[in-house]
Amino acid sequence: MRIVFRYEVNKTETKNVFNAVRNMVLASGLPVEPAKVNKNWPRLSYGPAPAQGQRAEREYLDIYLREYIPAADVKAKLQTVVPQGFEVISVQRVPYPLPSVQNLAAAAKYRVQGDFSRLNASGRKWETFIGSGQILIQRRAENGLVITLDAAPYVVDSYMAAPDEILCTLQRVQDKWLRPEWLIAAWLGIEIPFADEAFTLEDICITRQSLLWRDSQGGFHVI
């Protein structure tokens, strides 16, 4: 079963989310397969977690059951034990041979919000930056070495929906994800430390709206 859920960031610390979800599944009484690492835990497969500092409108979870149960019944059982601050959005049955949500996710949609008129000292338009043939992102190591990445292959589409809001869809390339923080930093002229995987931007709110899968024709669809 594939579960889509969300939780209130101000009520639940990210590091406690996995424990809360695992306890919810155990308390539901669903006939779950045991995890390989611990037979007392349910076998679960989480979708790619949002990066540190990001919010997410939808989180994804695959639950492996030992017997068939209608999706509506699974949702009802989960809703009776859902933790405070959590909401189960949808439940759907996924045939066992299909990829887990972790492997299925091919792209993600993001909403980026901030006072860009104040932050963008250069005055360069977002559409000009994102529409160039190459979107160069530079990350500086402690020894002064600069590593340059062309982000263009990652960008499916992006536009400024409002003066304080950018929407973008970024795809996974060779099993790697591009953080939207890097795009915004490159546009604003903010240096990105090479070794800082927890790099965030002050006064910028980044929300992952959904994960997408790609069909055989290259089209993207919300998971």
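A short reminder: the numbers here are calculations on the coordinates, not readings from a lab. Please read these numbers as outputs of a predicted model, since none were measured by experiment. FYI the Cβ positions are ideal-geometry reconstructions off the backbone, even for glycines, and counts take in every protein chain you see.
For the chain, the equivalent ellipsoid derived from the alpha-carbon gyration tensor has semi-axes of 36, 18, 17 Å in decreasing order. Each part reduced to its alpha carbon centroid, region 24-93 and region 99-159 end up 32 Å apart.
The ranking of Leu78, Leu44 from fewest to most other beta carbons within 10 Å of each one's beta carbon is Leu44, Leu78.
Can you give the translational diffusion coefficient of region 2-103 in µm²/s, computed by Stokes-Einstein from the Kirkwood radius over Cα pairs at 20 °C and 1.002 mPa s?
After rounding, the answer is 153 µm²/s.
Between Asp157, Asp203, Asp175, the residue with the greatest mean-square fluctuation in the GNM of the chain (Cα pairs under 10 Å linked by springs) is Asp175. The fewest-to-most ranking of Leu167, Leu201 by surrounding Cβ atoms within 10 Å reads Leu167, Leu201. By other beta-carbon atoms within 10 Å, ranking Met1, Met24, Met160 with the fewest at the front produces Met160, Met1, Met24.
Throw me the Rg/Rh for region 75-194, computed over C-alpha atoms with Kirkwood Rh, two decimals.
Values: Rg = 18.7 Å, Rh = 17.2 Å.
We get a ratio of 1.09 for region 75-194.
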